[in-house]
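Student: Mind looking over this structure? Questions follow.
The values are calculated or read from the model by the stated rules, or taken from the named source; none is laboratory data. The shown structure was predicted, so the numbers you read here are calculated from the model rather than taken from an experiment. Ideal geometry is used to build each Cβ from the backbone, glycine not excepted, and the neighbour counts take in all protein chains shown. These accessible areas exclude ligands, DNA and RNA; they are computed on the full protein's heavy atoms, side chains included. Shrake-Rupley method; radii C 1.70, N 1.55, O 1.52, S 1.80 Å.
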Amino acid sequence: MRSVVFPLLLALLPHTTVAAPAPRPPRLPSMATSIPDNLSLEKAYDITLASDQAIRIAFLEVKKANLLPLSALTRIAPRLNGSYGYERIDIATEPAGAALNRFRRGVGIESLSLEQTLVDFSAFPARRRGKFQAEGTRLSLRFSIRQTLFGVASAYYEVLKRERILQVNRQSLELASQQEQLAQKRADVGEVTRSDILRAKVSVETARRAMIASENTLELQRNTLRNILNFPPDAPLHLTEPSPFPQNSQPFEDLLQTAWTHREDLQEREMNIHSAEERRKEILASYGPRILASGVQSLSQTSGLAAAHSENWSASVTVQVPFFSGGQREIDLATSRYNLDQAVLDKERVSKNIEAEVKRAWLDVRALDASLRAAQAQLQAAEQGYTDIQNQYSAGTAKSLDVLTALNDLNTVRSDLAALAADYQVALRSLEQ
């Protein structure tokens with residue numbers, strides 16, 4: 001009956017296609033609940049520390065690493081195991097000339113065992129290795145925080161730089177428009193030819209194109225900063241000007257020594273070396289004996305034929321000596337030696353990279369400092385030159401090409417100065433970082 005009903009029900013149901021489950025959309029990062037009206041750099045630091053995913057992942061790595069020393073101690077911790085078993089036996093006997101006899105018997109066995117490791121030489125190197133690994137992850141967390149906050153500062157100043165460049169381009173468009181109006185007035189009275197008007201119009205449109213490009217670049221940089229701070233894509237950003245960062249006037253050798261002393265990534269490599277050394281000691285300790293003490297208490301209950309009740313207990317001390325493990329220990333020992341050599345080389349590589357980073361940051365600060373002073377002097381000369389040429393053109397003693405050239409020089413210097421001022425602050429923070 002069942003084999004008939006089921007096909008009929010399936011035939012009556014409408015033919016539908018079962019769609020595959022839709023893929024799970026990616027989890028969006030948690031957005032900031034409140035966006036300040038005026039965002040300072042210090043406030044951006046606080047928001048990043050509270051919401052950045054990389055920092056939170058590194059913090060969870062620290063929590064996991066803190067469990068490693070405890071995990072090593074479980075090798076010498078007591079172990080308590082309980083078990084229960086039941087066995088049923090059916091016995092059938094048929095003596096000669098007699099009826100068939102059947103007997104049933106059930107046996108229940110309960111046992112409780114306690115095992116304690118008295119000596120395990122590998123537990124203590126494993127515990128020390130766990131401590132070094134935990135310290136390494138804490139150093140990695142600090143380095144991740146330092147790197148992330150520097151990324152916030154770089155993005156913050158990049159937005160400020162683009163805002164300043166946009167302001168310069170708007171001023172350039174305004175000055176170019178004024179020059180076009182002046183050329184038109186002089187052309188109306190016959191003082192200049194139409195070529196002056198055309199040159200001025202080209203200058204105006206060039207300035208307008210530069211302003212449009214600056215607006216787009218500024219929006220891209222703002223979006224980058226929003227992503228870092230976990231702000232919504234359309235969140236308004238009103239940045240405040242940070243205080244100037246103090247300049248570090250120490251010589252390069254002192255800065256390099258400070259970096260070698262305090263850089264968390266180099267200290268983390270040192271922890272990796274210690275961890276590799278303890279791993280090697282742990283493998284060597286596995287060649288030693290292990291001493292175990294154990295006690296077992298069992299309860300046996302028999303029902304049916306020959307019912308009985310028995311209780312037993314036993315205690316023993318065992319010495320385990322691993323003579324041969326198929327060569328796996330020797331392979332692990334060789335691997336640990338290679339890992340130790342690799343950890344030492346990795347520390348040397350990071351040390352060289354730190355020297356190159358400090359040198360580059362130190363030279364960038366020096367170059368940008370000198371360039372900034374030169375750009376400030378250049379700006380004064382360009383402003384005075386443009387004013388003089390503009391007055392001469394109004395008086396009819398200068399050409400429009402001279403005015404447009406002076407205007408272009410002024411715009412270039414202003415843009416360069418805005419970029420250098422922001423880059424200099426980032427370079428100071430890079431050297432400190």
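Student: With the condition kept exactly as written, say whether any residue in the range 118-125 is surrounded by fewer than 16 Cβ atoms within 10 Å (Cβ to Cβ), of a type in the set (D, E), touching a Lys or Arg at 6+ places or on another chain (Cβ under 9 Å) and in contact (Cβ under 8 Å) with a residue 12 or more places away in the chain.
Tutor: Checked the range 118-125: no residue is surrounded by fewer than 16 Cβ atoms within 10 Å (Cβ to Cβ), of a type in the set (D, E), touching a Lys or Arg at 6+ places or on another chain (Cβ under 9 Å) and in contact (Cβ under 8 Å) with a residue 12 or more places away in the chain.
Student: Would you mind finding the one in L266, L292, L256 that is open to solvent by less than 80 Å² (accessible area, probe 1.4 Å), out of contact with any helix residue (DSSP H, G or I) (no Cβ under 8 Å at 6 or more places or on another chain) and either modelled with pLDDT of 90 or more or not in a helix (DSSP H, G or I) (or both)?
Tutor: Numbers: L266 fails: out of contact with any helix residue (DSSP H, G or I) (no Cβ under 8 Å at 6 or more places or on another chain); L256 fails: out of contact with any helix residue (DSSP H, G or I) (no Cβ under 8 Å at 6 or more places or on another chain).
Answer to the check: L292.
Student: Give me the pairs, please: first residue somewhere in the range 205-218 and within 16 Å of T412 (Cα to Cα) and in contact (Cβ under 8 Å) with a residue 12 or more places away in the chain, second residue anywhere and among the small types (G, A, S) and surrounded by 14 or more Cβ atoms within 10 Å (Cβ to Cβ), beta-carbon distance under 8 Å, and either six or more positions apart or on two chains.
Tutor: T206/A176; A207/S172; A207/A176; A210/S172; M211/S172
Student: Moving on to the next point. List the residue pairs whose Cβ atoms are under 6 Å apart, where the first residue sits in the range 230-242 and is on the phi < 0 side of the Ramachandran plot, the second is of a type in the set (K, R), and the two are 6 or more positions apart or on different chains.
Tutor: From residues that are on the phi < 0 side of the Ramachandran plot, the pairs are A235/R226; L237/R222.
Student: What number of residues within the range 187-229 are more than 26 Å from K161 (Cα to Cα), assigned to a helix (DSSP H, G or I) and open to solvent by 50 Å² or more (accessible area, probe 1.4 Å)? Reasoning before the result, please.
Tutor: Quick first cut of the range 187-229, residues more than 26 Å from K161 (Cα to Cα) only: 187-202.
With assigned to a helix (DSSP H, G or I) added as a condition, the list becomes 187-188, 194-202.
Subsequent filtering for residues that are open to solvent by 50 Å² or more (accessible area, probe 1.4 Å) retains 188, 194, 198-199, 201-202.
So the answer is 6.
Student: While we're on this one: Being open to solvent by less than 50 Å² (accessible area, probe 1.4 Å) and closer than 21 Å to L112 by Cα is the filter here, so list the residues in the range 309-327 that pass it.
Tutor: S310
Student: Next up: Of the numbered conditions (1) open to solvent by 70 Å² or more (accessible area, probe 1.4 Å); (2) modelled with pLDDT of 90 or more; (3) under 17 Å from S203 (Cα atoms), K399 satisfies every one except a single condition; which is it?
Tutor: In the conditions (1) open to solvent by 70 Å² or more (accessible area, probe 1.4 Å); (2) modelled with pLDDT of 90 or more; (3) under 17 Å from S203 (Cα atoms), K399 misses (2) alone.
Student: Which of the numbered conditions does E115 fail, given that it passes all the others? Conditions: (1) surrounded by fewer than 18 Cβ atoms within 10 Å (Cβ to Cβ); (2) in contact (Cβ under 8 Å) with a residue 24 or more places away in the chain; (3) among the acidic types (D, E); (4) within 30 Å of N223 (Cβ to Cβ).
Tutor: (4)
Student: Would you tally the residues in the range 316-359 being acidic (D, E) and within 28 Å of D120 (Cβ to Cβ)?
Tutor: Selection size over the range 316-359: 3.
Student: Let me ask something else about it. What are the pairs, 6+ residues apart or on separate chains, where a residue within the range 362-381 that is under 21 Å from F252 (Cα atoms) has its Cβ under 8 Å from a residue that is open to solvent by 70 Å² or more (accessible area, probe 1.4 Å)?
Tutor: V365/Q247; D369/Q247
Student: Select from the range 278-328 the residues that are of a type in the set (F, W, Y) and over 24 Å from R79 (Cβ atoms) and write down the one among them that is nearest to the chain's Cα centre (by Cα).
Tutor: Step one: filter the range 278-328 for residues of a type in the set (F, W, Y), giving 287, 313, 323-324.
From what's left, over 24 Å from R79 (Cβ atoms): 323-324.
Working: F323: 45, F324: 44 Å.
Within the range 278-328, the match that is nearest to the chain's Cα centre (by Cα) is F324.
Quick grid of which residues meet (1) among the β-branched types (V, I, T); (2) part of a strand (DSSP E or B); (3) at negative phi; (4) surrounded by 16 or more Cβ atoms within 10 Å (Cβ to Cβ):
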{"position": "Y84", "(1), (2), (3), (4)": "no, yes, yes, no"}
{"position": "G106", "(1), (2), (3), (4)": "no, yes, yes, no"}
{"position": "K131", "(1), (2), (3), (4)": "no, no, yes, yes"}
{"position": "Y156", "(1), (2), (3), (4)": "no, no, yes, yes"}
{"position": "R162", "(1), (2), (3), (4)": "no, no, yes, yes"}
{"position": "V168", "(1), (2), (3), (4)": "yes, no, yes, yes"}
{"position": "S172", "(1), (2), (3), (4)": "no, no, yes, yes"}
